[in-house]
Every structure is written in structure tokens, then in C-alpha cells.
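Some notes on the structure that comes next.
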Amino acid sequence: MAQSRQYLPLPDAPFNGEIGQTYKDSTPGKFEMKSPPDGAPNVVLIMLDDVGFGQTSLFGGPAQTPALEKLADTGVRYNRFHTTALCSPTRAALLSGRNHHTVHTGNIMELATAYPGYDGRWPADAASIAAILTGNGYSSAAFGKWHNTPDYETSPSGPFEHWPTGKGFEYFYGFLGGEADQWATPLIRNTSPVETPAEEGWHFSEAIADDAIAWMGKQKASSPDKPFFVYWAPGAAHAPHHVAKEWSDKYKGKFDHGWDRQRELTFKNQVDLGVIPEDTVLTQRPDEIPAWDDCTDDERRLYARMQEVFAGFLEHVDAQAGRVIDALDTLGIRDNTLVIYIVGDNGPSAEGTLTGTLNNMKTQQGFHDSIDYMLERIDDIGGPEFENHYPVPWCWAGSSPFQWMKQVASHFGGTRNGLVMSWPDKIKDHGALRNQFHHVIDIAPTILQAAGIPEPVEVDGVHQRPIEGVSMDYTWEHADAKSKRVTQYFEMFGNRAIYHDGWVAGCRHGKLPWQMTGSASFDDDTWELYNIEDDFSQANDLASTEPNKLRELQDLFISEAATHNVLPLDDRFAERADASLRPSYIRGKTRFAYLPSTIRIPEASSPPTKNIDHTIAAEVEIPDGGAEGVLVACGGITSGYALYVKGGKLVWEHNWFGQQRYRVESDKPLQSGEQILSAEIECDDEGKPGTGGKVTLRSGKDVIGTGTFEKQVPFRFTVNETFDVGCDTVTPVSDQYESPFPFTGTLQRVVIDVSGDSFEELATNATIKSTINEVKSRIAMALQ
């Protein structure tokens, strides 16, 4: 009798032997290992980040992607495949097979709000494809970017239910947040932080390719007949655009013609390659985006280089994906491996704003780099000093032939992404094109269909809500088959659309995708209507001539929105980044005590020191020969603060987006012996974001240095770097040392007080020791 696979985990097989009084009159049963159906393929799921439909060479773009092209030659490519228009939502939809709002991921983790469609808590009743495959006897591993764990759950204390290993993967190597330095990445292995290897030229994309290849090799060496599921999701080509010059210099001079001409060239290539219909219309540049001809010579030189770096970054990550795919041939398993290569989790990114940036976090907080500042550093763009992002017009060029870009779910520039599937044993129409309308929620059921595994009714005792995607496997043999996806809604930041049976009604909400603050009135929204069977690029708005069809689709959108937790619509970005909108394990605390070697604590889980009076104190012993190193730091090269000892002196430093550094150091070298070193920060206008202030350094109660700072980072230092005690991991806050710069004296503990109490109170042994004693008492009670 065939084993039922609708309830996971699969039950152990009943004992089928006989038991006597001794082994001599007994018959042992047979061990049965849980395994998937016979012939189930290995699955490698690749998804790039922030790549537009018109950016890779396979789909007519300027960035050379030979690995993607080689894969398409042994499979089929799709030109009407869609994502959600943003990162976390697409990833949750991809891995769950349900719409992003259905799985509570209507936006990125850092903007979660307490509504069912937006709280960022992927529910247990929507088990991931990894959990289903693992429960059916697959090995599973995830590599790269995750971005599906609530911001407040990313600390070493968890909880871990929303980490990759809590969502069904047996192994994870990558980073948890939305973006990361590619030269020095805050790595996680399973649930433990690990440090970037101290290797010249180390790069994250290469590292996760190495790790994936090694993992596949070990898996097949240990269990050659057991299939695996690999999810390989690099940080590229999301900012920062980090790549070695040998890759970016391949494109020297190739973008001097500018974004308007590049979009035209891409469009021509797309028509010539047949990836878009011959009668497609190239949509026009929006008025909000400047023409290349209107730029100054300096701007053109800078912007061309930024695009060169991006193209090199994209080609580089494709090469790493190619290494992972080539390893399948080396292992002799390529023919029975389904490789799915999704070329982007949304459209190209406009988050670099109209002028580009060398510091993406700075730009997201409303501060823009001047052209002169960036030009002075043009030769270092793409290197480890900056978190660079190209300007909006290049991403618009990369969405050819469509309108708009990432975040704009109303138009295909935000949601249309290239896709290739290859499975040599099953997909025989090599190099062919498919044009059925499909969505990222259709990938999970496609994998289940390929593996012969049914959608589960129950996983780990939790009844499952139905998968909302449909399998795409019917397209493999039938090029002209009618699309099985009839209806699909889209929504992001109030930009919304509905597809139904060849028609799309959409509304680009008032805010532009590079505007990070403010809100526009939903009452002023204007809907558009397109017949995409005749109008591939959404160039001909039929709203005025087909009002009844528009009304029909508007009503359908509201119905779908109500069904899938889309409401209430919310267009705010920076305002939803307010950490007070989400749970916190430290909210209400005003005094924090840390033991040495407390490292890799997420910024959101560290003391809230921005824009308020606070004191940082460290109990240390300086040996007779002196000491140096970091006492405490938060952030990294992007921005942050640090208290450290250098050249025998105590130094407090605030790194304002790598562009300005405010340092206050002690007047003379520190004396040897036990002492309390402190930095007391008093704001000029407490509570005002970005306020300046003054700093007082003390040893015990003695003032040893004073200074001021004109301004501070108002909201967030980094997306992914951390708070560290006794060192500064990943990248350094200060340019006066290199990470990790551990403290070489004796560090007993660090205390941070944000209560606003007297500065002098904390700078005494009695106060610190009473705080530590309180902490020790709580620990002792917890261990009883």
C-alpha cells in the first residue's frame, strides 16, 4: 500500500517482524528509511536580487550572463513570469506557494505593522516548500540572502521559528537581512554567527557558491540516491553593488551613450532575440526621470561608471550561479536535476535616487551625496569603502520595455522577471520560449509536481491552508497551452493591479519609488487598463474606452484584496521603519549590562542610543604596558558609533555615513590599573532626529576629555551589521582601526544607560557593580 504523504512528518513504519522470548525465536523487522517517490529529481532554485527584465543578455540586456544563456539552451525560458515587486514578499511567496499577504509578508521585515497581511510573521499553516520536501525525505539547504525573519527575532536568542532552519531547511549559510556588504558580510551558519574569512578578495557570491558546491558534494557522497533541494539566493544585484574591477572594467565606456539610448538598444535586442513580440511598443520615459542629454559632463561620467559597476556585479553573480550548475555535471546528476533560475525578485531598484549614492543607508534616510563628492571617489566605486547604488534612470533602462521599476506593483517594470527552467530528463524543448502568464507562487507547486509529492493537509500538527499557486509543468511539453493562471493580484506600497484572463487593471499610487517619506492621498489615484494579449508592454491605456471592463477588474481587485489580507493599503516607507511599531525584547529597558565577547547583536536589539542622552561605561584593567582595542561598537563602515582605546587614549567616535567622523579623545594617555571609562553623550535637542550634542569622557569621576558633534545618524546605522562588546566585527565603525580590533586589556563588562540620569552616577564602581550584581542575580534565579 502506497504511503500517504498528506500528513507530515511521515509516520514511522509499523514493526513487521515477530518477537519471541529471545532473539533465537524472533524475527527482526525491516528498517525503512523515509524517502521521496522513485525518480524524484534534485532541485536547485536560484533567484537573483533586484534584477530587471531588460538587464541580462538572455533577455536582451547589456550585462553578459553566459551561465543563464547556457541553462536556457537546455531548457525553456519564460517572458511572462511575475514577482511581487519587492524582496521579502517575493521570497515568502516563492517558498510558500501562497500570495505574500496571505503569509503576512505584504512588505519587508523592517516595515512590518500589526495587521494580518503585514506583520512579517510567516504562519505555520503555510509550510514552506523546504519543509514539505524535507518531510518527504529530501535533503535541503539554503544559501545567500534570507530576509524573511522579523527584525526583532534576528538576535542570537531567537526565537528561530522564522529562520531558514525553522522553515524547513536543514542547513543555512548566508545573511538574514535585506542587504549586506559583499566584501565583509555578517554571516550566519544555521543559527550561529560566523565571521568573514580574512582572505584577500573574499566575496559573498563566490563564498556561497563554494559552500553550496561543497554541501552538494558531501550530500551525494553520503546519500547518493537521496535527492536534495538547494535554494541559492545571492545578495546580488541588490545594493551595495560590490565587485572587483576586473569585472566592472569589462564594461568601460559601454554606457557612455546613456540610459535613453541603452533602453532603445535593449528593446531592439529583445525584439531580435524574440523574447518580446515584434509589435511591442517601447514605453516612454516618465517626466520624473531626467533625460541623459540633460545631464552635465561630470554627471554622465559618474553615472556611466555606476552602471559599469552594476553590469560587472550582475555578470559576476551569474558566473557564480554557473559554477553551482556546473557542479551538477561534475557530480553526474545534471540530467535528473530540475534547475529553476529566477532572474530577480522584483524589478530593478530605484532606491539609489535620481543621483545615485555611495552610501545606500544614507540615501534611504534622506541625505544625498553631491556629484563632486562622488566624482572624487569614482575609481573606488564597487570597492569595500562604499555601499554604492546607481541612479534611478539606469534602473528604468533596465526594465525595458516596461514602465516603472521595483516597488511599482501596478506595472510590469516592477513585477516582470525573466525565468528559465531546465530538467534534461523531462524538458526536451531546449532553447524554447514560453509565454504563459505565471507568478512566483507557482514555483512551489511546480516543484511538488516534479517530485510527485502531494500538497500536505497537515504539517507538524498544523492544518495547512491551501497552496494558492498552480504548477507550471504543463508548459514544458505544450508550448501553446493556455495559461492555467487566470487571475493574479499585485500590491506594494499602495501600487496595485489585477490580472484576469488577458487584461490588467492597475493604479500607480502617487508616491514615487525613490521617495522614502510621506504619504499620498488614495482618493487621487487614477486607474489604467491594458489588454496585454495585444499590448505586451502596457503601452496603450484603454481605461477611457473600456470603462465597464475597468470597473469589473477594480471590483475583482477589492475581492482579491479582502481574501488575501491586502487591506489596509499603506504607502508609507520611512514612517513604518519606526521600531516602536513592532515588538521588542528590550523595550522599556533603560540600563543594559554586557559581558565581554558579546558580539553580533542586531542593531534593533541593542540599546536605543540615537537622539537621546546616554552614557556608555566600561569596567577595565589597563596593564602596565598599555592596551588598545574596541570596548563597544554598533554599526560599521556605513555608519555607527564606537568607544575604543587607540594610542593609549580613550576615543569616542560617531561615523556619520562614512562622510563625516566626530571624534572625542582623552587629553592624555590612560593610566594603568582598574578603572571605569565612560563616554557621556548629551544631545542639544533630545528627541530630534539627527541632533548634535556634546561628549564628556571620564575615568571614574575625573573628566579626561570633552568635545562636540554637529549631527548624528538619525534612524539606523546599517541593515545588517551589529552591536559588539570587546571588538568590532564585520566592518569597522572607525577608519582608525581594522576589524575586529579586540581590546587587549581586561574588559570586565560594559554598561549603557539611556535613562537620562546623572552622568556622574553611572561613572562609579558602585553603580556599575550594583547593575552587574542585579544581572547576575537574575541569571542565578533563571538557572534554579
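Among the conditions (1) more than 23 Å from residue 479 (Cβ to Cβ); (2) in contact with a strand residue (DSSP E or B) (Cβ under 9 Å, 6 or more places away or on another chain); (3) of a type in the set (Gly, Ala, Ser); (4) crowded, with 19+ Cβ neighbours inside 10 Å, the only one that residue 20 does not satisfy is (4). Against the condition basic (Lys, Arg), in contact with a helix residue (DSSP H, G or I) (Cβ under 7 Å, 6 or more places away or on another chain) and more than 16 Å from residue 722 (Cα to Cα), how does residue 582 come out, does it pass? Yes: the conditions hold for residue 582.
Looking across 475, 517, one residue alone is open to solvent by 30 Å² or more (accessible area, probe 1.4 Å) and polar (S, T, N, Q). It is 517. Among the residues making up segment 245-278, those that are open to solvent by less than 80 Å² (accessible area, probe 1.4 Å) and within 19 Å of residue 313 (Cβ to Cβ) are 247, 248, 249, 251, 253, 255, 259, 262, 266. Of the numbered criteria (1) closer than 30 Å to residue 365 by Cβ; (2) buried (at least 17 other Cβ atoms within 10 Å of the Cβ), the one residue 503 fails is (1).
A single entry from 711, 668 fulfils the requirement of being under 23 Å from residue 745 (Cβ atoms) and outside any strand (DSSP E or B): 668. Only one entry of 329, 335 meets the criterion of being among the acidic types (Asp, Glu), in contact with an Asp or Glu (Cβ under 7 Å, 6 or more places away or on another chain) and either under 28 Å from residue 373 (Cβ atoms) or surrounded by fewer than 22 Cβ atoms within 10 Å (Cβ to Cβ) (or both), and that entry is 335. Only one of these is more than 28 Å from residue 738 (Cβ to Cβ), in contact (Cβ under 8 Å) with a residue 60 or more places away in the chain and open to solvent by 40 Å² or more (accessible area, probe 1.4 Å): 230, 281. Name it. Criteria check complete, one pass: 281. Residues in segment 642-655 that are of a type outside the set (Val, Ile, Thr) and either touching a His at 6+ places or on another chain (Cβ under 7 Å) or surrounded by 20 or more Cβ atoms within 10 Å (Cβ to Cβ) (or both): 642, 643, 644, 650, 652, 653, 654, 655. Screening residue 154 with (1) touching a residue at least 60 places away in the same chain (Cβ under 8 Å); (2) surrounded by fewer than 24 Cβ atoms within 10 Å (Cβ to Cβ); (3) closer than 24 Å to residue 86 by Cα gives one miss only, at (2). If the condition is being open to solvent by less than 10 Å² (accessible area, probe 1.4 Å) and farther than 19 Å from residue 95 by Cβ, then segment 424-460 contributes 427, 434, 436, 437. For segment 672-706, filtered to residues that are among the aliphatic types (A, V, I, L, M) and more than 41 Å from the chain's Cα centre (by Cα), the residue that is farthest from residue 625 (Cα to Cα) is 703.
Residues are listed down the side, and each one gets a yes or a no for (1) farther than 30 Å from residue 317 by Cα; (2) open to solvent by less than 10 Å² (accessible area, probe 1.4 Å); (3) not in a loop (DSSP other than H, G, I, E, B):
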residue	(1), (2), (3)
12	yes, no, no
36	yes, no, no
50	no, yes, no
74	no, no, no
79	no, yes, yes
93	no, yes, yes
105	no, yes, no
115	yes, no, no
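Only residues that are within 20 Å of residue 10 (Cβ to Cβ), in contact with a strand residue (DSSP E or B) (Cβ under 6 Å, 6 or more places away or on another chain) and among the β-branched types (Val, Ile, Thr): list them for segment 127-155, please. Answer for segment 127-155, where residues must be within 20 Å of residue 10 (Cβ to Cβ), in contact with a strand residue (DSSP E or B) (Cβ under 6 Å, 6 or more places away or on another chain) and among the β-branched types (Val, Ile, Thr): just 134. For segment 157-190, a residue qualifies if it is outside any loop (DSSP other than H, G, I, E, B) and free of Cβ contacts under 8 Å to residues at least 12 places away in the same chain, and exactly one does: 166. Among the residues of segment 1-18 satisfying the criterion of being among the hydrophobic types (A, V, I, L, M, F, W, C) and free of Cβ contacts under 8 Å to residues at least 12 places away in the same chain, which is nearest to residue 179 (Cα to Cα)? Here the answer is 2. You will find that of 467, 443, the residue that is among the β-branched types (Val, Ile, Thr) and not in a loop (DSSP other than H, G, I, E, B) is 443 and no other. Does any residue of segment 482-494 turn out to be at pLDDT 95 or above, at positive phi and open to solvent by 10 Å² or more (accessible area, probe 1.4 Å)? Yes. A residue that is crowded, with 23+ Cβ neighbours inside 10 Å, in contact with a Lys or Arg (Cβ under 6 Å, 6 or more places away or on another chain) and polar (S, T, N, Q) cannot be found anywhere in segment 382-395.
For segment 313-334, the count of residues that are under 17 Å from the mean Cα position of the chain (by Cα), at pLDDT 95 or above, over 30 Å from residue 215 (Cβ atoms) and not aliphatic (A, V, I, L, M) is zero. When you scan segment 352-370, do you find a residue that is out of contact with any Asp or Glu (no Cβ under 9 Å at 6 or more places or on another chain), buried (at least 24 other Cβ atoms within 10 Å of the Cβ) and not in a loop (DSSP other than H, G, I, E, B), even just one? For segment 352-370, residues out of contact with any Asp or Glu (no Cβ under 9 Å at 6 or more places or on another chain), buried (at least 24 other Cβ atoms within 10 Å of the Cβ) and not in a loop (DSSP other than H, G, I, E, B): absent.
Close contacts from segment 370-394, counting a first residue that is touching a residue at least 60 places away in the same chain (Cβ under 8 Å) and farther than 23 Å from residue 514 by Cα and a second that is small (Gly, Ala, Ser) and surrounded by 14 or more Cβ atoms within 10 Å (Cβ to Cβ), with Cβ to Cβ under 7 Å and a gap of 6+ residues or different chains, come to 384/184.
From the list 174, 166, the lone residue that is surrounded by fewer than 24 Cβ atoms within 10 Å (Cβ to Cβ), more than 25 Å from residue 452 (Cβ to Cβ) and at pLDDT 95 or above is 166.
The rows are residues; the columns are (1) in contact (Cβ under 8 Å) with a residue 40 or more places away in the chain; (2) under 30 Å from the mean Cα position of the chain (by Cα).
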residue: 20; (1), (2): no, no
residue: 30; (1), (2): no, no
residue: 39; (1), (2): yes, no
residue: 44; (1), (2): yes, yes
residue: 54; (1), (2): yes, yes
residue: 67; (1), (2): yes, yes
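Does any residue of segment 117-125 turn out to be surrounded by fewer than 23 Cβ atoms within 10 Å (Cβ to Cβ), at pLDDT 95 or above and closer than 15 Å to residue 9 by Cβ? Looking for residues that are surrounded by fewer than 23 Cβ atoms within 10 Å (Cβ to Cβ), at pLDDT 95 or above and closer than 15 Å to residue 9 by Cβ, one finds at least one in segment 117-125, hence yes. Being open to solvent by 10 Å² or more (accessible area, probe 1.4 Å), touching a helix residue (DSSP H, G or I) at 6+ places or on another chain (Cβ under 9 Å) and in a helix (DSSP H, G or I) holds for only one residue in 319, 311, and it is 319.
Checking 54, 29 one by one, the residue that is surrounded by 21 or more Cβ atoms within 10 Å (Cβ to Cβ), touching a Gly at 6+ places or on another chain (Cβ under 6 Å) and in a loop (DSSP other than H, G, I, E, B) is 54 and no other.
The values are calculated or read from the model by the stated rules, or taken from the named source; none is laboratory data. These figures come from a predicted structure and were not determined experimentally. No Cβ is skipped: glycine too gets one built from the backbone with ideal geometry, and neighbour counts run over all protein chains shown. Each accessible area value is taken on the protein alone, full model and side chains, heavy atoms only, with ligands, DNA and RNA left out. Shrake-Rupley method; radii C 1.70, N 1.55, O 1.52, S 1.80 Å.
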